[in-house]
1. Residue by residue through the stretch 38-55, what is 3J(HN,Hα) from phi via Karplus (6.51 cos²θ - 1.76 cosθ + 1.60, θ = phi - 60°)? Round to whole Hz and write x for glycine and proline.
2. Counting Lys and Arg as +1 and Asp and Glu as -1, what is the net charge of the other residues whose Cβ lies under 15 Å from the Cβ of Asp33?
3. Taking the highest mean first, how do the peptides 51-63, 28-40 order by number of other beta carbon atoms within 10 angstrom per residue?
Amino acid sequence: MTQNPADVPGRAQNPPVDAAGIAAEADAFWRSDWTYLATFQVQHIDAIEADVKGLALPKPVVDKIYFGNARRIFALPRQ
């Protein structure tokens, strides 16, 4: 979640310290990534100072990115 922080020194000195802060930050990143991958919606990306149109990838591709990779990384059995 801190790969491209808006303010590197500030993030290093003031990361979320409680579970609610961490959960809120994780949720915001997940929603932004999902919007980019699964829709054509345009969103502003501060890191590159540009508006970016979503990819609207097919559902099987989005499922593989989220569920398939999680299953592989966490060694979950196939259903």
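Coordinate-derived values only; no laboratory data. A quick note: this is a predicted structure, and the numbers were derived from the prediction, not measured. Cβ sites come from the backbone with ideal geometry, for glycine too, and all protein chains shown count toward neighbours.
1. Per residue, the Karplus-derived 3J(HN,Hα) values read 9, 9, 8, 4, 8, 9, 8, 10, 4, 4, 10, 6, 8, 8, 10, 7, x, 8 Hz.
2. Numbers: positive: Arg31, Lys53, Lys64; negative: Glu25, Asp27, Asp46, Asp63.
Summing Lys/Arg as +1 and Asp/Glu as -1 gives -1.
3. Values: 51-63: 12.2, 28-40: 13.7.
Ranked by mean Cβ neighbours within 10 Å, highest first: 28-40, 51-63.
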